1. Return yes or no: is A29 under 30 Å from G86 (Cβ atoms), at pLDDT 95 or above and in contact with a helix residue (DSSP H, G or I) (Cβ under 9 Å, 6 or more places away or on another chain)?
2. Quick check on this structure: which one of D52, D89 is surrounded by 15 or more Cβ atoms within 10 Å (Cβ to Cβ) and free of Cβ contacts under 8 Å to residues at least 24 places away in the same chain?
3. What number of residues within the stretch 119-128 satisfy the criterion of being out of contact with any His (no Cβ under 9 Å at 6 or more places or on another chain) and open to solvent by less than 90 Å² (accessible area, probe 1.4 Å)?
4. Tell me, which residue of the stretch 129-138 that is more than 14 Å from V78 (Cβ to Cβ) and loosely packed, with under 13 Cβ neighbours inside 10 Å is nearest to the chain's Cα centre (by Cα)?
5. Evaluate the stretch 66-73: report whether one residue or more is closer than 22 Å to F137 by Cβ and surrounded by 14 or more Cβ atoms within 10 Å (Cβ to Cβ).
6. Looking for whichever is in contact with a helix residue (DSSP H, G or I) (Cβ under 6 Å, 6 or more places away or on another chain) and farther than 18 Å from V177 by Cα here; the options are Y72, Y68, Y40. Which one fits?
7. Here are the criteria: (1) out of contact with any strand residue (DSSP E or B) (no Cβ under 9 Å at 6 or more places or on another chain); (2) of a type in the set (A, V, I, L, M, F, W, C); (3) at pLDDT 95 or above. Tell me which single one A87 does not satisfy.
8. Under 19 Å from L32 (Cβ atoms), aliphatic (A, V, I, L, M) and either free of Cβ contacts under 8 Å to residues at least 12 places away in the same chain or buried (at least 16 other Cβ atoms within 10 Å of the Cβ) (or both): does that describe A113?
Amino acid sequence: MTDDQQLMHGIDLETLGEFAEHAATEPEAVQLGLGASATYEGTAAHSLAKIDSYELGGDTIARETREYTVPYGGWKEVLDAGGWVGATDRIEPVEAALSALAACINVGITINAAANGVEIDHLRTDVRTDFDPAVLFSLAELAEADSVFQNLTAEVEIEGPDLDPDMVDEWARRAPVYTLVSLAQDVEVSLETPVEAADD
C-alpha cells in the first residue's frame, strides 16, 4: 500500500470513486449478466448447483478457479418424516436464499459505508422467515403462493462511530438480493424437452 492510498473496509477509495464515475458515465460497461444451474441428482429435492462464468459489460468472464458447486437438499428430519430413504441433511435452497439476503444486506451497507467514509466496528445481519410448505407439496393451490412465506425479517446489528440509522437502513435496501426478494419479479420459465421421433 502506498502512503497516499486511502483504504476503508478493504476498498481503495480513490479507485472506488473512479469506478463510480465510470459507471455513471458509461453504465453499459458495468452491467452484469448473472446465472446459475442446478442438476437433479436422482433423489427428490437433491440437486448439485453450479456457479461459474458471468458477464460484465457484455464480455464473458470465465476461469477454472471460479467454478463453485453447492449440493442442495433438505432437512434430514423432514425428509425422514416424508419417506426419503437414507436421508441426509443438506443446505436447503430457501436457507441458501436467506443466507444470500443476509450477506447481500452486508454488501449494501459496507460498500456505501466505504463510499461515505463511515467506519463500522461490527456488522451482523440475521434473516429469518416462517415457511409453509403446503404449496410445494400440492396441499394448497398455486394461487396461494403469496402466503408461503410470512414474517420475513432482517435484523441488522451494527456498531461504529457516527452511524445514522436511517442511512444504514437505506444502504441495506440497496442490496441487490433485497431487491430480488422484496420487489415483484417476473421469472420467465421455458421448458426444453426431447424432440419426439417422427413417425416412420
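The values are calculated or read from the model by the stated rules, or taken from the named source; none is laboratory data. Since the structure is predicted, the reported quantities are computational estimates derived from the model, not experimental observations. Backbone-built Cβ (ideal geometry, glycine too); neighbour counts: all protein chains shown. Only protein heavy atoms, including side chains, enter the accessible area calculation; ligands, DNA and RNA are left aside. Shrake-Rupley method; radii C 1.70, N 1.55, O 1.52, S 1.80 Å.
1. Numbers: under 30 Å from G86 (Cβ atoms): no; at pLDDT 95 or above: yes; in contact with a helix residue (DSSP H, G or I) (Cβ under 9 Å, 6 or more places away or on another chain): yes.
Spelling it out, it is not the case that A29 is under 30 Å from G86 (Cβ atoms), at pLDDT 95 or above and in contact with a helix residue (DSSP H, G or I) (Cβ under 9 Å, 6 or more places away or on another chain).
2. One residue alone meets the criteria, D52.
3. Going through the stretch 119-128 one residue at a time, the tally reaches 5.
4. D130
5. Yes, some residue in the stretch 66-73 is closer than 22 Å to F137 by Cβ and surrounded by 14 or more Cβ atoms within 10 Å (Cβ to Cβ).
6. Only one candidate qualifies: Y72.
7. If we test A87 against (1) out of contact with any strand residue (DSSP E or B) (no Cβ under 9 Å at 6 or more places or on another chain); (2) of a type in the set (A, V, I, L, M, F, W, C); (3) at pLDDT 95 or above, just (3) comes out false.
8. The answer is no for A113.
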